[in-house]
Amino acid sequence: MLKKGDFVELDYTGRIKDDKVVFDTTDEQMAKDSNIHTPKYKYKPVIICLGEKHLIQGLDDALIGKNPGKYTIEVKAEHAFGKKTPTLLKLIPARLFEKDNVKPFVGLEVNVDGTLGIVRSAGGGRVIVDFNHPLASKDLVYDVDVKRIVTDSLEKTKALLELMNVPFEDIDVVDDKAVITTKTKLPEPAVKGLADNIKKLVKLKSIDFKTQEEVKKELKKEENKTEDKSSGPSNQDLKKTAAGAKEKEKEGKEKEKKKEEEKEDKEKKDL
């Protein structure tokens, strides 16, 4: 039975309830058939952690208590992308668009001061832009296939990095300790936040981020140590060996001398 904190691998397809339009899917063929295919996106089952807002609230909540398997789940708007907020409908002078050589029309997606919106009306020198989420106030339906519960720490760590869009080259997890190799050094505040989150969710003792260059230097250092050991005994080892040989030689002479003395004593007694 699935519970909060479980990592699960799943496939899903999300549709708008009213018109059955597909807006999201992990199935590449479904994406192509629904005209939402993104060529650069790698379509595959995703691994998420339940209760961590990796899915919309309504879908996440609905999976808790279920077993792996296939489900059709309806999610009300208030538990999906929320209800529309009237204050997010903004009236913008058309001249601001004209400055950027943009001719606004109904349905045009625009970026205003870093915020995406959709033109709802345009005319009379005024443009109304809707900054609500495109799926706000819409009930949704998800077809979900929960394939398995993920227990491997390496898989969990990799999944979290992918969900957070953190680029990495390699991951190694041994004895509850993870080493994550990146191409370039990540900012220290970001590293701390990532490490704390991964340790909490995957239950690891430590997370170490290293660049490829740092890993190469460490490998080179280890190789040099190995070469030093295999190249022969050190001066100190040779001194110890020589001292040991002298000691053995001394012990041998003392034994010979003792034997000679015992032999002489025996000969005297015989006389």
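Every test in (1) without any contact (Cβ under 8 Å) to a residue 60 or more places away in the chain; (2) under 25 Å from Glu78 (Cα atoms); (3) among the hydrophobic types (A, V, I, L, M, F, W, C) is passed by Met30 save one, and that test is (2). Screening Leu160 against (1) part of a strand (DSSP E or B); (2) crowded, with 19+ Cβ neighbours inside 10 Å; (3) among the hydrophobic types (A, V, I, L, M, F, W, C) leaves a single unmet condition, (1).
Tyr142 satisfies every condition listed in (1) among the hydroxyl-bearing types (Ser, Thr, Tyr); (2) in contact (Cβ under 8 Å) with a residue 24 or more places away in the chain; (3) not assigned by TED's automatic domain parsing to the domain that holds Gly69 except (3). Condition check: at positive phi, surrounded by fewer than 16 Cβ atoms within 10 Å (Cβ to Cβ) and either among the aromatic types (Phe, Trp, Tyr) or in the same structural domain as Asp18 (by TED's automatic domain parsing) (or both). Does Gly125 satisfy that? Considered against the rule, which asks whether it is at positive phi, surrounded by fewer than 16 Cβ atoms within 10 Å (Cβ to Cβ) and either among the aromatic types (Phe, Trp, Tyr) or in the same structural domain as Asp18 (by TED's automatic domain parsing) (or both), Gly125 comes out as no.
I'd like to check something: does region 85-102 contain any residue that is outside any strand (DSSP E or B), surrounded by fewer than 12 Cβ atoms within 10 Å (Cβ to Cβ) and among the hydrophobic types (A, V, I, L, M, F, W, C)? No, that holds for no residue. When residues in region 103-112 are screened for being farther than 12 Å from Asp130 by Cβ and in a strand (DSSP E or B), 1 of them pass. Whenever a residue of region 204-215 is assigned by TED's automatic domain parsing to the domain that holds Val191 and free of Cβ contacts under 8 Å to residues at least 24 places away in the same chain, it has no partner that is in a strand (DSSP E or B) and of a type in the set (Gly, Ala, Ser) lying with C-beta atoms less than 9 angstrom away and at least six residues away or across chains. Has region 37-46 got any residue that is touching a helix residue (DSSP H, G or I) at 6+ places or on another chain (Cβ under 9 Å), over 19 Å from Leu135 (Cα atoms), aromatic (Phe, Trp, Tyr) and free of Cβ contacts under 8 Å to residues at least 24 places away in the same chain? Yes - at least one qualifying residue is present in region 37-46.
The values are calculated or read from the model by the stated rules, or taken from the named source; none is laboratory data. Everything numeric here is computed off the predicted structure, so don't read it as measured data. All Cβ positions, even for glycine, are placed from backbone atoms using ideal geometry, and neighbour counts span all protein chains on display.
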